[in-house]
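Just below is one structure, and these are the notes that go with it.
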Amino acid sequence: MSETPHTSLLLSLLAVFAPLSLVTIGGGQSAIADINWQVVDVHHWMSQSQFVDAFAISRMAPGPGSLLVTLIGWQVAGFWGAVVSTAAIFGPTTFLIYAVAHVWSRNREARWKRALETGLMPVAAGMILAATYVLLQAIDGGWLARAIAFASTAVLLLTRVNPLVLIGAGVAVFVGLHLIGFVQA
């Protein structure tokens, strides 16, 4: 049987992820930059490379992208770290959304509601852009990986191509350039 992690570590996970739960305007992706800063720079629970790996795994797994914190909790403090981190990222928002939904439904045409929604849109967009910036800075593939990421984004925005096709194309480009000696693995 595994040992229970130290209570202070679990409390640290709770203290990091509960407040971040409340700022996930626009979805869990909007908090990626803050999660990265807390986990890599402040607490040193993971390296930048480990964070990017956990992010990639969380994006491939079914379910919400916020499950990244479950993987972080697991790496930091095992099973109980995963439980605490998951509860911390989903718990506060769940209660807040329940309360907001109640207020929203009672004030369908209120002017303040439209103003709030309009004001939060650029905030959400900015937070998502910050997350994108952090992830692009952490890509291990250098300029080629960034170029492929930008090209893939453009293709996704302009067409209805399946993202799996773009992943396969990116792999083919890397492998092809590696085989001809243009990039090192």
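The values are calculated or read from the model by the stated rules, or taken from the named source; none is laboratory data. Given the structure is predicted, the values throughout are model-derived calculations rather than measurements. Because the Cβ atoms are built from the backbone with ideal geometry, glycine has one as well, and the counts that use them run over all protein chains shown.
Taken as a whole, the structure leaves VAL52 outside the set of residues that are more than 20 Å from ALA15 (Cα to Cα), more than 12 Å from the chain's Cα centre (by Cα) and assigned by TED's automatic domain parsing to the domain that holds SER12.
Restricting attention to segment 1-34, and to residues there that are more than 18 Å from PRO92 (Cβ to Cβ) and surrounded by 13 or more Cβ atoms within 10 Å (Cβ to Cβ), which single residue is modelled with the highest pLDDT? Give the steps one after another, and end with the answer.
At the first step, the residues of segment 1-34 found to be more than 18 Å from PRO92 (Cβ to Cβ) are 1-9, 33.
Checking which are surrounded by 13 or more Cβ atoms within 10 Å (Cβ to Cβ) leaves us with 5, 9, 33.
Values: PRO5: 68, LEU9: 94, ALA33: 87.
Out of the qualifying residues, it is LEU9.
Within segment 139-185, being farther than 27 Å from ASN36 by Cα, over 25 Å from the mean Cα position of the chain (by Cα) and hydrophobic (A, V, I, L, M, F, W, C) holds for ALA172, VAL173, VAL175, LEU177, LEU179, ILE180, PHE182, VAL183. For segment 35-62, which residues satisfy the criterion of being under 16 Å from THR86 (Cα atoms), hydrophobic (A, V, I, L, M, F, W, C) and at pLDDT below 95? Across segment 35-62, the qualifying residues are ILE35, ALA54, PHE55, ILE57, ALA61.
Would you kindly identify the helices (runs of 4 or more DSSP H) lying entirely within segment 99-183 that contain at least 2 residues that are farther than 25 Å from VAL52 by Cβ?
Output list reads 111-138.
Among the residues of segment 69-107, those that are of a type in the set (S, T, N, Q) and either modelled with pLDDT of 90 or more or not assigned by TED's automatic domain parsing to the domain that holds ASN36 (or both) comprise THR70, GLN75, SER85, THR86.
Within segment 44-91, work out how many residues are within 27 Å of ARG146 (Cβ to Cβ) and surrounded by fewer than 20 Cβ atoms within 10 Å (Cβ to Cβ). Outline the logic, then answer.
Taking segment 44-91 and keeping what is within 27 Å of ARG146 (Cβ to Cβ), we get 44-61, 64-69, 71-72, 75.
Adding the requirement that they be surrounded by fewer than 20 Cβ atoms within 10 Å (Cβ to Cβ) leaves 44, 46-50, 52-53, 56-57, 59-61, 64-65, 75.
Residues that pass the stated criteria total 16.
For ARG146, the test of being under 21 Å from GLN29 (Cβ atoms) and among the basic types (Lys, Arg) is passed. For segment 83-91, the criterion of being part of a helix (DSSP H, G or I), touching a residue at least 12 places away in the same chain (Cβ under 8 Å), within 21 Å of GLN137 (Cβ to Cβ) and not aliphatic (A, V, I, L, M) is met by no residue.
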